[in-house]
Amino acid sequence: MTDDGPEKPPGADSGRPLKVLGWPGFSSENGNPYTRLLYEAMEMKGNVEVDGFTMFEPFQRRYDVWHVHWPEDFLSYRSPVAAYFYVAAELFLFAWARLSGTRLVWTVHDLGPHESYHPQLERLFWPLFLPMVDGIISLSETAREEAYDRFPVLRSVPSAIVPHGHYRTAYPESVSKGESRRQSGLDPEAPVMLFVGRIRPYKNVVPLVQTFRQWEKPEARLVVAGNPVSDDLGGRVQATAEGDARVRTALRFIEEDEMPALIAGADLVVLPYESIMHSGSALLALSYDRPILVPDRGAMTELQGRVGRDWVRTYTGELTPSVLADGMEWARTTDRAAQAPVDDLDWPRLARQTVALYRRVLEAHD
């Protein structure tokens, strides 16, 4: 409040900065610099101030917008005590912030937790969370329609399509394929495919290794790099790979300075997810100018339409040795540009689109 009455929301004609609480904010602790890149670009745009979320931030400062990205993540906590506590805490904080005039914007990365250990808690979560959402951002038209189908209440709030940005500015510069192969001890001429990213059950890494082992091509290599979500899953990946010297595994968190050489050594990045809406790993591969093989699911067809069939190959049905063989042949023989066409996925542009949605949400409640 001011002496002249309620503070005016920062519309297009407002002089004061738009105050945004980002959750996650500038931290890349989860290994994904997505939100950091978005909010850094947003602050460079001017007239926007972004704070990264801490538990007490909503009590200490009034925000115009609270932008949340993965509110369902607590449902993936194995401990029932931790899951119920954190879900209750976030719902309380959302309600508190909205009572103070903050508007809640949700980027719908997923329509549910990657691993749901508490179905009863999930049934409670969505009816309490969704009515508090004042606006949504989707990374693709396909994903927005899927969100509308599952959560019809979202049709009544402002929405925007803001694609996933590229990672060209997030990691060190690439190295040559020859240098990468030299560092890793891979044959310079070997056909090499790579899986990279957090290893979760739905990403089908165990079936990928099994299928690769059925591919009778002695000179082919598969590299699996990423941190398993559990020791059990890591053990199954390792056990499946054992006995085939063509398969290499690095089952751990991959540091940023390791990414350039890791990806540069691959001819093809394979992401055989059982269910897929979007993929940061797909954008990471394309940012390093590596073609990708993905299932024809979720928004992958949209991604193919955006960057071209030279860079994104999709398959239907199950992953088979012939799918891998055909994908590798395509990756190694297709005449494509030196760089993948992802320049229109630059973060300043995406930040402008995001702020425009914020302002629509605020104007809807003005």
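Here is a yes/no grid of residues against (1) among the polar types (S, T, N, Q); (2) closer than 29 Å to ARG336 by Cβ; (3) not in a loop (DSSP other than H, G, I, E, B):
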| position | (1), (2), (3) |
| --- | --- |
| GLY243 | no, no, no |
| ASP257 | no, yes, yes |
| ILE263 | no, yes, yes |
| ALA266 | no, yes, no |
| SER275 | yes, yes, no |
| HIS278 | no, yes, no |
| LEU286 | no, yes, yes |
| GLY298 | no, yes, no |
| THR301 | yes, yes, yes |
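Among the residues making up segment 147-176, those that are part of a helix (DSSP H, G or I) and surrounded by 18 or more Cβ atoms within 10 Å (Cβ to Cβ) are ALA147, LEU154.
This table checks each residue for (1) basic (Lys, Arg); (2) assigned to a loop (DSSP other than H, G, I, E, B); (3) more than 24 Å from the chain's Cα centre (by Cα).
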residue	(1), (2), (3)
PHE59	no, no, yes
GLU72	no, no, no
ARG78	yes, yes, no
ALA97	no, no, yes
HIS114	no, yes, no
GLN120	no, no, yes
PRO127	no, no, yes
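Within segment 104-146, which residues are in contact with a strand residue (DSSP E or B) (Cβ under 6 Å, 6 or more places away or on another chain), surrounded by 18 or more Cβ atoms within 10 Å (Cβ to Cβ) and of a type in the set (A, V, I, L, M)? Listed by number, the residues that qualify are LEU104, VAL105, VAL108, VAL133, ILE136, ILE137. Right, VAL223: touching a Phe, Trp or Tyr at 6+ places or on another chain (Cβ under 8 Å) and either in contact (Cβ under 8 Å) with a residue 40 or more places away in the chain or assigned to a helix (DSSP H, G or I) (or both) or not? Yes: the conditions hold for VAL223.
Exactly one residue among ARG200, ARG306 is modelled with pLDDT under 95, under 16 Å from the mean Cα position of the chain (by Cα) and surrounded by fewer than 21 Cβ atoms within 10 Å (Cβ to Cβ), and that residue is ARG200. One residue is enough: does segment 280-295 have a residue meeting the conditions under 19 Å from ALA190 (Cβ atoms), without any contact (Cβ under 8 Å) to a residue 24 or more places away in the chain and not β-branched (Val, Ile, Thr)? No: zero hits.
Listed here are the residues, each with its yes/no results for (1) under 16 Å from MET328 (Cβ atoms); (2) touching a residue at least 40 places away in the same chain (Cβ under 8 Å).
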| residue | (1), (2) |
| --- | --- |
| LYS203 | no, yes |
| VAL206 | no, no |
| VAL209 | yes, no |
| GLU216 | yes, yes |
| VAL229 | no, yes |
| GLY234 | no, no |
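For segment 285-320, the candidate set comprises residues that are in contact with a Ser or Thr (Cβ under 6 Å, 6 or more places away or on another chain) and acidic (Asp, Glu); within that set, the residue that is nearest to GLU141 (Cα to Cα) is GLU302.
Which residues, counting only those in segment 100-122, are among the small types (Gly, Ala, Ser) and over 24 Å from THR35 (Cα atoms)?
Answer for segment 100-122, where residues must be among the small types (Gly, Ala, Ser) and over 24 Å from THR35 (Cα atoms): just SER100.
For segment 309-354, a residue qualifies if it is in contact with a Leu (Cβ under 7 Å, 6 or more places away or on another chain) and part of a helix (DSSP H, G or I), and the qualifying residues are GLY327, MET328, ALA331, TRP347, LEU350, ALA351, THR354. Filtered by the rule that a residue be more than 23 Å from VAL355 (Cα to Cα) and among the aliphatic types (A, V, I, L, M), segment 63-100 gives LEU75, VAL81, ALA82, ALA83, VAL87, ALA88, ALA89, LEU91. Quick check on segment 277-289. Is at least one of its residues farther than 19 Å from ALA170 by Cβ and not assigned by TED's automatic domain parsing to the domain that holds VAL65? Yes, that holds for at least one residue. Here ARG352 passes the criteria (1) farther than 29 Å from SER156 by Cβ; (2) among the charged types (D, E, K, R); (3) assigned by TED's automatic domain parsing to the domain that holds LEU37 except the one numbered (1). Take the conditions (1) under 25 Å from LEU139 (Cβ atoms); (2) modelled with pLDDT of 80 or more; (3) hydroxyl-bearing (Ser, Thr, Tyr); (4) assigned to a loop (DSSP other than H, G, I, E, B); TYR39 misses just one of them, which is (4).
Screening PRO188 against (1) in contact (Cβ under 8 Å) with a residue 24 or more places away in the chain; (2) loosely packed, with under 13 Cβ neighbours inside 10 Å; (3) assigned to a loop (DSSP other than H, G, I, E, B) leaves a single unmet condition, (1). Against the conditions (1) in a strand (DSSP E or B); (2) farther than 24 Å from LEU38 by Cβ, HIS67 satisfies every one except (2).
The values are calculated or read from the model by the stated rules, or taken from the named source; none is laboratory data. Just so you know, these numbers come straight off a predicted model, no measurement behind them. Positions of Cβ are generated from backbone atoms using ideal geometry, with glycine treated the same way; all protein chains shown enter the neighbour counts.
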